[in-house]
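J.: To start, I am sharing the structure in question, which I have written as structure tokens.
The values are calculated or read from the model by the stated rules, or taken from the named source; none is laboratory data. No experiment lies behind these values; they were computed from the predicted model shown. Every residue, glycine among them, receives a Cβ derived from its backbone with ideal geometry; neighbour counts consider all protein chains shown.
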Amino acid sequence: MPTYKFQYFDGRGRGEIIRYVFHAADKDFEDIRYDFPTWATIKESTPFGQIPVLTVDGKKLAQSGSIARYLAREFGLAGKTSWEQALIDQYMGLAGDLFKEVIKFYFEKDEGKKKELLKNLEDVLYPKFCGFFQNALEKNGGNYFVGSGLTLGDLAVIDIFDTPLHHSPKLMDAFPKLQAHRQRILALPNLATYVQKRKVTDI
């Protein structure tokens, strides 16, 4: 059996989807979390001077999307056909588009601009993306985003709304099927246990 070591900051950010894959698949891994001072001391040991990094039996892999897709393939969460894999990539890309907007809000220092960004998120972007995701879910039958079982596509959608729901808890109220999907996936035993115990962070 391979041994997995996962390195990331002590928060969710770009690393949480990888933790979701491990927990959803019920696979053991070493979850190494850094604060910023400690990260500075190990930065040069990473492939590209950034994290997350996954080490598998001594071999290192960087880039969050690459890591998540690799693990999904290893654990049977990557789709059953090349078309399903493409759909998963599609939803990961859409989630990435939303993540970029959320990051702009979180790292904005000017309070006035920050309020404007939040208003745009809540009034325009969250409804837009929730609509995209709910429509896609409905077209696939309402239970999963791809195929007939849990995939990385579902985990990508769960992950992307973690931070928005932290500051805008009602954003899914007008999208009941998307909300029900989230509740159902996060109720899976291994995911539920992890989410209940994890450290609460803003992002």
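J.: Determine whether Pro2 is in contact (Cβ under 8 Å) with a residue 40 or more places away in the chain and surrounded by 15 or more Cβ atoms within 10 Å (Cβ to Cβ).
T.: No; evaluated as a whole, the condition is false for this residue.
J.: Of the residues that sit in the stretch 5-53 and are among the hydrophobic types (A, V, I, L, M, F, W, C) and within 23 Å of Leu150 (Cα to Cα), which one is surrounded by the fewest Cβ atoms within 10 Å (Cβ to Cβ)?
T.: Ala25
J.: In the stretch 138-178, which residues are of a type in the set (A, V, I, L, M), more than 20 Å from Ala72 (Cα to Cα) and part of a helix (DSSP H, G or I)?
T.: Of everything in the stretch 138-178, those that are of a type in the set (A, V, I, L, M), more than 20 Å from Ala72 (Cα to Cα) and part of a helix (DSSP H, G or I) turn out to be Leu165, Leu178.
J.: While we're looking at this one, here's another question. Does Val124 fit the bill of being farther than 18 Å from Val21 by Cα, of a type in the set (A, V, I, L, M, F, W, C) and either surrounded by 17 or more Cβ atoms within 10 Å (Cβ to Cβ) or outside the structural domain of Ala68 (by TED's automatic domain parsing) (or both)?
T.: The answer is yes for Val124.
J.: List every residue pair whose Cβ atoms sit under 6 Å apart, with the two residues 6 or more apart in sequence or on different chains, where the first one lies in the stretch 175-203 and is under 24 Å from Leu125 (Cβ atoms) and the second, anywhere, is surrounded by 14 or more Cβ atoms within 10 Å (Cβ to Cβ) and polar (S, T, N, Q).
T.: Phe175/Gln134; Lys177/Gln134; Leu178/Gln134; Ile203/Thr163
J.: Something else: Please tell me if Leu61 is in contact with a Leu (Cβ under 7 Å, 6 or more places away or on another chain) and surrounded by fewer than 16 Cβ atoms within 10 Å (Cβ to Cβ).
T.: In short, yes.
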